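Undergrad: Take this structure, written in C-alpha cells, and hold onto it; I'll ask about it next.
The values are calculated or read from the model by the stated rules, or taken from the named source; none is laboratory data. Source: prediction; values computed, not measured. Cβ sites come from the backbone with ideal geometry, for glycine too, and all protein chains shown count toward neighbours.
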C-alpha cells in the first residue's frame, strides 16, 4: 500500500512538471499551422539564421571541448590549493544575467578591449561578426561541459587508470584509452547541453553581435516587426529542429553507454 502511494505521488508530481513544460509549447503551436511551419524551410532568411546559429554553436562547443575536458579531468582527479576558487570561477557564468555576460564579452573583445584591441590589429574583429557570437556562446556554455565532464570522470574508479599505468601506459595514453572512453556518455551529454545553451542565448550575444542574426535574435525581431504569428512560426520551426537534434543526441548517448559497457 505504501509502495503504491509512493509511486502514485511521484507519478502525479512528474506529470505536473511535464505538463508545465508541454502546455506552453502546445500553446505556441496553436498560433501556427503545418503549412506555416514548413514554409520556414523555404525561407532563405530563416535558413541563413539556422546556419549561423548552428555553426557558431558547433565552433564554440568544439573549442570548449578542447579547453574544458582537461580542466574537468584535473578538477575530478587532482587536489591542489585554490581548487574551490577555480570551481567558483567555473560556475560564475551560471549566475551572471545574460545581458551582463554580453556586456562583459563586449567590453573585453570590442576593438578597444583588453583582448579585442590586439586581436583587431591582427585582423580578427568580434563586434557584429561570427567570432563575437562564438566567444559569447563560449562564456555562457563553459560551466556545462566542465561540470558534466567532471561528474563523469568522478563516476568511475581511478584504480582503472592506475592499472593501465602500472602496465606501462603513460598519462596521456591512459587518458585517451581508459579515462576518455569510460566518460564518453558524460562528455557527449555535456557537449549537447553546452551547444544547446549557446544556440539558445540571446542577451549574452545581442550586445556584441546583432549581426549576423542568430535564431533567438531573429525570433525577437519577428515579434517586434511582424507580431505574434510570424514569431510563432519561426519559434515553432526552431523548436522542431532542436527537438530532432535532442532525440538523435539521446539515442547516440544510449549507444555510447552500451558500447562502453560491452
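Undergrad: I'd like to check which helices (runs of 4 or more DSSP H) are fully inside region 22-114 and have at least 1 residues that are surrounded by fewer than 18 Cβ atoms within 10 Å (Cβ to Cβ) and at pLDDT 95 or above.
TA: Here the list reads 44-77, 83-95, 98-109.
Undergrad: If you go through region 183-193 one residue at a time, do you hit one that is at pLDDT below 95, over 23 Å from residue 258 (Cβ atoms) and either loosely packed, with under 13 Cβ neighbours inside 10 Å or over 16 Å from the mean Cα position of the chain (by Cα) (or both)?
TA: No; the residues of region 183-193 include none that is at pLDDT below 95, over 23 Å from residue 258 (Cβ atoms) and either loosely packed, with under 13 Cβ neighbours inside 10 Å or over 16 Å from the mean Cα position of the chain (by Cα) (or both).
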